[in-house]
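Novice: I have a structure here, written as structure tokens, and I will follow up with some questions on it.
Laboratory data are not the source of any read-out in this text; all were calculated from the coordinates shown. All figures in this text were calculated on a predicted structure; none of them were measured in a lab. Virtual Cβ from ideal backbone geometry, glycine too; neighbours counted across all protein chains shown.
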Amino acid sequence: MATTRVYELAKEFGISSKEVMQRLRHYGFEIATHMSFVPSDGVERIRRDFAHTTGTQTVSAEQKLDLSSQKSAPSVRGRVSVPPVASIPVEEEGLVVTPMTVGEFAERTHVLLSDIIISLLRNSIAASKNQVISEEQVAWLAQKHGIKIRSKNVLPSTSAEPRSYGTRETVGGVKRQPVVVIVGHVDHGKTTLLDTIRKTHVASREKGGITQHLGAYEATTAHGAITFLDTPGHAAFSMIRSRGVQGADIAVLVVAADDGVKPQTVEALKIVQQSEIPLIVAINKIDKASTAQIESVKRQLTNYGVVPEEWGGQTSFVPISARLDTGVEALLEGIILQAEVMELQADLAAPVVGFILESHVEKGLGAVGTIVTRHGILSVGDYFIAGATEGRVTAMINAQGKRLQSLYPAIPAKIAGFSSMPHVGDELIVTSEKPERVSRMASQLGTERIRGMMVGTDTEKQIRLVIKADTASSLEAIMGSLGLIGEKLKHHIAVIYEGIGSITENDVVRAADAKAHLYGLHVKIEPNARQLARQRHIEVHVYDIIYRLLESIESLAEQERVVEKVSKKVGEAVVLKVFDIKKMGIIAGAQVKSGIFSRDGLVKIFRGKKLVGEGLIKSLQRDRKSVKEVHTGYECAFLVDNFEAWEEGDRVECYVQTLVTA
Ligand code: GDP
């Protein structure tokens, strides 16, 4: 019985699954994917083919091509055993190690082309002048010919080198692991799924290392590694998700079988479809759903153009129970298969482009951001721009708390060296020189930003907030959601200050001075701040769950709305006569043309179209008696504070303040 799978054979010989599949098919075996079992005679054929190779130096038949057939020269498949980093001379000045052609190597190092080709040949690598050689091969050649390597370009230590680069096959681009984002309606199980995968597929802390929260984690599966963007699980994070999707290769849409397609399912789907990234549907909570419900989810999704493979469509649907860890393995396999089909590649020679997942301030490191890059190798010492900030990489730390010199694409890591806090979702781009201060404002303010955010329509009331949160992504999520609350309640929500970290005395003072409400998410209140808050009668609202915080702000906005005063026009009159009454002042005698005139009213006086004055009614009379109000058609006389320049024919509008409750 066949027990060996394609990828296992590939691993055994340090070659790609693709090559194993091609060979097997060539020998007449039917092989569907890298996950397929290989019949024992197939295993033997492959073992025979590679019997003469060692783990680190693999020579395939094509490599023995002679140098004259260069036009169709295959990519370099030979693998060079790279000496330990310490033995390679490393200097400030020197060769920058990136994949390059053999010709470029010769040009940059002034080593004779023929010598290089011979060196490579001795290592069983047949390479022509125009052939691209990998970074490892460049480093190895440099060492062999006594060429100094630029210090910021130190090769990755083996521990820092990601697994997926173990089988480099195409030179210039290397295979990289997929970056996956999980989206879906609230409570459909996104967080549970991320937790389950983390528990079952992420090695817990390494010896001596501290597992870092990076806003992303790498899961190791039998078939390869996957990077999951670990965005928090509440609807409030849909904003981040929409950004997260841009940084991802594959989206997993979680739909709870017992609840079906919901508004946020559709919203998430739209974002994914706009981003044009492949989608896998995880139908969750099958432990408590009937087959009919599962089928119903499939049917519902077809309305949005998502058709299951078994119905002739393009999307794979995986039934899972995130809670019971059922089907999760199959989902991971599905992700890997999708990634294989996409042939995800990272161009290591390309300029580094990354994506900020998280940011916060860390003792000893200052503003740090966690990133996942798509291309290029980010090195300590690199200058970069990230949205409104910039900096130079002073340290890089991976999920195991290990310091890295170089960071490969698709691997999450924390980087230090930002001049101010980067925003979640911003792109990080490496620059060849020290960047200009991108935003003086950002750097002056350091880690905290002051922002006046106005949301809502033109009512006079405003809810002022001072908000502190543990991370920039939490803050971003709050800010995004406040926008929605403001719109929904047609209210001004003014965030007069937002910052990261504990609630301090300064925050209390800010809130007190601005008559603002003080809110915190996942933060502590410093003892002094607590005391000061008590003295200044400021209530400090701290929450651990974002939607509780949002609910509280929402109900605050609701309450304020109840007492909100709005000016409403209630009537209009025309001045017929003007009386100058001694000791009282100038009185307008007028007729109410529409609505009513009220003693509590505010009037606006128009001459033609021009507003000539306004004021509060001091006295309102009808038939020389003081009255509360005068109705349409009646004549009246009124005295207004601040205005006496009445003329016959003036048009007067009367307004009263009303309390709005809805
Ligand atoms: P999110 O809002 O999408 O992140 O959803 P959560 O992961 O917080 O899950 C919402 C609720 O559904 C929680 O009470 C979970 O325990 C529960 N849940 C998640 N996955 C499953 C599942 O597979 N089966 C069952 N029965 N409950 C689940």
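Novice: Which order do the peptides 133-142, 175-184 come out in when sorted by mean C-beta neighbours inside 10 angstrom, highest first?
Specialist: 175-184, 133-142
Novice: Determine the sum of side-chain charges near Asp641: Lys and Arg each +1, Asp and Glu each -1, restricted to other residues whose C-beta is under 12 angstrom from that of Asp641.
Specialist: So the surrounding residues net to -1.
Novice: What residues have an amide H closer than 5 Å to that of Ala248, excluding those fewer than 5 places away on the same chain, when H is modeled at 1.01 Å from N in the peptide plane?
Specialist: Hits under the 5 Å cutoff: none.
Novice: Roughly how big is the range 95-150's charge dipole about its Cα centre, with Cβ charges of +1 (Lys, Arg) and -1 (Asp, Glu), in debye to the nearest 20?
Specialist: 120 debye
Novice: Hey, what D do you get for the range 333-401 in µm²/s if you plug the Kirkwood alpha-carbon radius into Stokes-Einstein at 20 °C and 1.002 mPa s?
Specialist: 153 µm²/s
Novice: Which order do peptides 286-298, 190-202 fall in by mean Cβ count within 10 Å, highest first?
Specialist: Highest-to-lowest ranking by the protection proxy: 190-202, 286-298.
Novice: Please rank Phe29, Phe105, fewest neighbouring Cβ atoms within 10 Å first, as an exposure proxy.
Specialist: Lowest count first: Phe29, Phe105.
Novice: Please find the FRET efficiency linking Val266 to Thr632, where r is the Cβ-Cβ separation and R0 is fixed at 56 Å, and quote it to the nearest 0.05.
Specialist: Step by step, r from the Cβ atoms, then E = 0.65.
Novice: Gln314 label point, 7 Å along Cα→Cβ, cut-off 20 Å on backbone N: hits in the range 328-372?
Specialist: Answer for this model: 334-345.
Novice: Here is a further query. Place the peptides 569-581, 398-410 in order of packing, highest mean first, counting for every residue the other Cβ atoms within 10 Å and averaging per peptide.
Specialist: 398-410, 569-581
Novice: Roughly what would the spin-label model give for Leu576 and Ser555, points 7 Å off Cα along C-beta, in nm?
Specialist: Between Leu576 and Ser555, the label points sit 5.6 nm apart.
Novice: Please compute the contact order of the range 564-661 in relative form: average sequence separation of alpha-carbon pairs under 8 Å and at least six residues apart, divided by the residue count, as a percent.
Specialist: Computed over the range 564-661, the figure is 41 percent.
Novice: So what's the projected area for the range 353-440, the Cα convex hull averaged over all directions, in nm²?
Specialist: With every direction weighted equally, the projected area is 4.9 nm².
Novice: With N set to the number of residues, divide the alpha-carbon radius of gyration of the range 379-420 by 2.2 N^0.38 Å and report two decimals.
Specialist: So the range 379-420 has a normalised radius of gyration of 1.11.
Novice: Provide the net charge surrounding Ser626, with neighbours chosen by a C-beta distance below 12 Å and charges set as Lys +1, Arg +1, Asp -1, Glu -1.
Specialist: Overall, the nearby charge balance is +4.
Novice: Right, something else. What is the set of long-range amide H partners of Gly520 at a cut-off below 5 Å, with H atoms built 1.01 Å from backbone N?
Specialist: It is Lys468, His541, Val542, Tyr543, by chain and number.
Novice: What pairs in Lys190/Lys262; Lys582/Lys628; Lys468/Lys515; Lys199/Lys363 have C-alpha atoms more than 19 Å from each other?
Specialist: Check vs 19 Å cut-off fails for Lys582/Lys628; Lys199/Lys363.
Novice: Can you give me the convex hull volume of the Cα atoms of the range 564-661, divided per residue and expressed in Å³?
Specialist: 97 Å³
Novice: Leu550: net charge of surrounding residues, Cβ under 14 Å, Lys/Arg +1, Asp/Glu -1, itself excluded?
Specialist: -4
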